Structure formats: structure tokens, C-alpha cells
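> Got a structure here, written out as C-alpha cells. Questions coming.
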Amino acid sequence: MDRIEVVGSRLSSFLRNPFSFLFARSSQEERLAAYVIREHERGRSLDEVLQDPYVRNRASEQEVARLLDRPEVIHALGEGTVAPARDRLS
């Protein structure tokens, strides 16, 4: 595939849905969500997991707050677990 085809493909993708970037989730955010869920399922508290260097080095407070708003995180951890952590970040 040459450069013109790549640019043309991106342009047509953008024209089909010009606001898709607003709803796109990064693979970094996906990995963080999976990490938080996995560590919590291993029996660690959410506060403890959020203090891990893995999380702190990869996400700002705003990104952690967004992570705690993800439906799959809320479903896996429970609203009762996520809500207090979300409140502490506010």
C-alpha cells in the first residue's frame, strides 16, 4: 500500500464519522482497565491498585477518573467500590 492509499483511506474514514475521535478509547486505557479489574479480582482493594506504580506512571488523575467511569470497570468492581474512589478524585 503506498502513501496515497493510506492517506485516502484515513480521509474516507474521517469523512464517514468525523467525530469518532471523541469516542475512541486508547489501547493504553484498555490495558489500565484490564489491570485494575484483574488486580481487584485477586483480592486487592481499589485504592491499593490505584496507587500501584503501573497505574500512577501511566495515568493522570483525570485519566483515572475517566477509567472509573468505564462501564466494564463499574460492572466488575461494583458501584459501591468505584463511587468512593471516584469521589476522592473529585
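> Lys/Arg Cβ at +1, Asp/Glu Cβ at -1, dipole of segment 25-89 taken about the Cα centre: which of His75, Gln28, Gln62 is farthest positive-ward?
Of the listed residues, the answer is Gln28.
> So what are the ³J(HN,Hα) numbers for segment 28-36, from phi and the Karplus equation (6.51, -1.76, 1.60; θ = phi - 60°), rounded to whole Hz, Gly and Pro as x?
Rounded to whole hertz, the list is 4, 5, 4, 5, 5, 4, 4, 5, 4.
> Right, here's the next one. Relative contact order of segment 23-90, please, whole-number percent, based on alpha carbon pairs below 8 angstrom and at least 6 residues apart.
Computed value for segment 23-90: 35 percent relative contact order.
A short reminder: the numbers here are calculations on the coordinates, not readings from a lab. None of these values were measured; they are calculated from a predicted model. A quick note on method: Cβ atoms are made from the backbone with ideal geometry, for glycine too, and the neighbour counts reach across all protein chains shown.
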